[in-house]
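Laboratory data are not the source of any read-out in this text; all were calculated from the coordinates shown. Since the model is a prediction, treat every value here as computed from it, not as a measurement. Don't worry about glycine lacking a Cβ; one is built from the backbone with ideal geometry, like all the others, and counts go over all protein chains shown.
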Amino acid sequence: MASELLEAAAAAAWAEALGCDTHVLSHPDARGRGFARRIASQMISDALPAAGIIRYRALTTDSPSLAIARTLGFAGCGHNLIARLPATGHR
């Protein structure tokens, strides 16, 4: 695991009034060490002044990620629905 990617995070800013979406992905072997919480905390601290609103994105079935969100002060507020379109072979 020494040379493997352990965590990945992203913050995507939208139009000024829409704020910023954040999410964190963790390698299974790196979970439970606080890396994701520390990365998310820093990313949110950096993005909040400019974005004004931060949304933490996680699947409703991802209990560890939701626990991180709660420790950072986030509360559930609605759900997103997605639709997967059939592949057409074109990109």
Checklist entry - Among the residues of region 38-64 satisfying the criterion of being charged (D, E, K, R) and surrounded by fewer than 17 Cβ atoms within 10 Å (Cβ to Cβ), which is farthest from residue 9 (Cα to Cα)? => result 62
Checklist outcome for this item: Scanning region 27-62 residue by residue, the ones that are among the hydroxyl-bearing types (Ser, Thr, Tyr) and under 18 Å from residue 7 (Cβ atoms) total 3
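Can you find a residue in region 13-20 that is in a loop (DSSP other than H, G, I, E, B) and exposed (fewer than 10 other Cβ atoms within 10 Å of the Cβ)? I'd like the intermediate steps shown before the answer.
From region 13-20, those in a loop (DSSP other than H, G, I, E, B) are 14-15, 19; that's our starting set.
Then keep just the ones that are exposed (fewer than 10 other Cβ atoms within 10 Å of the Cβ); that gives 15.
Looking for residues that are in a loop (DSSP other than H, G, I, E, B) and exposed (fewer than 10 other Cβ atoms within 10 Å of the Cβ), one finds at least one in region 13-20, hence yes.
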Checklist outcome for this item: Subset of region 24-53, residues without any contact (Cβ under 8 Å) to a residue 40 or more places away in the chain and outside any helix (DSSP H, G or I), comes to 25, 26, 27, 31, 32, 33, 34, 52, 53
Item to check | Pairs, first in contact (Cβ under 8 Å) with a residue 12 or more places away in the chain and over 15 Å from residue 21 (Cβ atoms) in region 56-82, second loosely packed, with under 12 Cβ neighbours inside 10 Å and not β-branched (Val, Ile, Thr), C-beta under 9 Å, six or more apart | outcome: 60/76; 60/79; 64/32
